[in-house]
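To start, the structure itself, in structure tokens.
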Amino acid sequence: MTEIKEKSELQVLLEKNSTLGTWLFPYEETQAFELIEIAEDTEEVCWLCKNNKAIYDTGLCKTHARYALMTRK
């Protein structure tokens, strides 16, 4: 049986932010930045920089998660 993994709130917001034609509401953007700040690092490394620990299910370190929010990438 395949385990279904639920996405974190931060992952959902990052995906919504990077989708063409959609924008985060100001309260969602604020929430995303707050979630990044309180997120715990995992043992996995960021897939972009390969140096810093990644946030839970995003695959990104805190720096790259912030960058993704600001640039919509």
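Nothing in this text is a laboratory measurement; each read-out follows from the coordinates by a stated rule. Computed from a prediction, not measured in an experiment: that's the story for all the values here. Please note: Cβ atoms are built from the backbone with ideal geometry, for glycine as well, and neighbour counts cover all protein chains shown.
Table for the structure above
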{"quantity": "Any hit, segment 3-26, residues being part of a helix (DSSP H, G or I) and farther than 18 Å from LYS73 by Cα", "calculated": "no"}
{"quantity": "Output for segment 28-53, where each listed residue is farther than 16 Å from SER8 by Cβ and assigned to a strand (DSSP E or B)", "calculated": "GLU43, VAL45"}
{"quantity": "Residues within segment 54-73 that are part of a loop (DSSP other than H, G, I, E, B), over 8 Å from the mean Cα position of the chain (by Cα) and over 15 Å from SER18 (Cα atoms), tallied", "calculated": "2"}
